[in-house]
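Student: Can you read through this structure? Questions will come right after.
The values are calculated or read from the model by the stated rules, or taken from the named source; none is laboratory data. Values in this document were obtained by computation on a predicted structure and should not be read as measured data. Don't worry about glycine lacking a Cβ; one is built from the backbone with ideal geometry, like all the others, and counts go over all protein chains shown.
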Amino acid sequence: EAQVTQNPRYLITVTGKKLTVTCSQNMNHEYMSWYRQDPGLGLRQIYYSMNVEVTDKGDVPEGYKVSRKEKRNFPLILESPSPNQTSLYFCASKRGIGGYGYTFGSGTRLTVV
Amino acid sequence: ILNVEQSPQSLHVQEGDSTNFTCSFPSSNFYALHWYRWETAKSPEALFVMTLNGDEKKKGRISATLNTKEGYSYLYIKGSQPEDSATYLCAFIDNNNDMRFGAGTRLTVKP
């Protein structure tokens, strides 16, 4: 089954404790992206990657890092999480840039206390 | 800055009603417009990818139209059912591949 797998689904952590949210897709998609969703603000892009070893900042990249060492994986790293990073996170992939539709992961609800 | 507006913010209809809502976007530098359906506790799923002015897409009881010259797209649901209850998101993509989501229209269909 074609899918984007995101882990974990839920995570509660403490301020400053480094964490990684994993994202993997099995569709050989070139383009992958991370979004956060906050009430009233819609989906905002954190980082995106157009291909292996090619990453770029989205609208809200502060406090996050990503890497794209392999085509299928696009982990999101929070080096020192803070409470304002409490949010619902989605990883998404699509075939390429332009008009292709996204396939979204199941989401990660992160709480930083 | 890409401004993508969706209206209304929320909508309550009775089962069997037909309904529609709007996505407004910049009328310049248009590349594509997506519609997604997002059910509670699930992830967004792509409904339509629209690229041409005048495009009309249909999937079952749901259809969408696109007017790139005036910068809007309508999503229509004919004979709404409770299972149509979801948030409907649109996303605008420009020629620079910048993609922006609207905040969504939350539809509730009462039995």
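Student: Inside region A:60-94, can you point out the residues that are surrounded by 21 or more Cβ atoms within 10 Å (Cβ to Cβ), at pLDDT 95 or above, more than 19 Å from residue A:12 (Cβ to Cβ) and of a type outside the set (A, V, I, L, M, F, W, C)?
Tutor: Hit for region A:60-94 is A:93, nothing else.
Student: Go through region A:1-56 and give me each residue that's of a type in the set (Asp, Glu), touching a residue at least 40 places away in the same chain (Cβ under 8 Å) and more than 19 Å from residue A:83 (Cβ to Cβ).
Tutor: A:30
Student: Could you count how many residues in region A:95-106 are crowded, with 21+ Cβ neighbours inside 10 Å and either under 15 Å from residue A:10 (Cα atoms) or more than 9 Å from every other protein chain (Cβ to nearest Cβ) (or both)?
Tutor: 1
Student: Still on this structure, I have one more. For region B:1-79, list the strands (runs of 3 or more DSSP E) that sit wholly inside it and hold at least 3 residues that are in contact (Cβ under 8 Å) with a residue 40 or more places away in the chain and touching a strand residue (DSSP E or B) at 6+ places or on another chain (Cβ under 8 Å); which are they?
Tutor: Here the list reads B:5-7, B:10-14, B:19-24, B:30-38, B:72-77.
Student: So which residues in region A:86-97 are of a type outside the set (Phe, Trp, Tyr), within 17 Å of residue A:40 (Cβ to Cβ) and either in contact with a Cys (Cβ under 6 Å, 6 or more places away or on another chain) or touching a residue at least 40 places away in the same chain (Cβ under 8 Å) (or both), if there are any at all?
Tutor: Answer for region A:86-97, where residues must be of a type outside the set (Phe, Trp, Tyr), within 17 Å of residue A:40 (Cβ to Cβ) and either in contact with a Cys (Cβ under 6 Å, 6 or more places away or on another chain) or touching a residue at least 40 places away in the same chain (Cβ under 8 Å) (or both): A:87, A:88.
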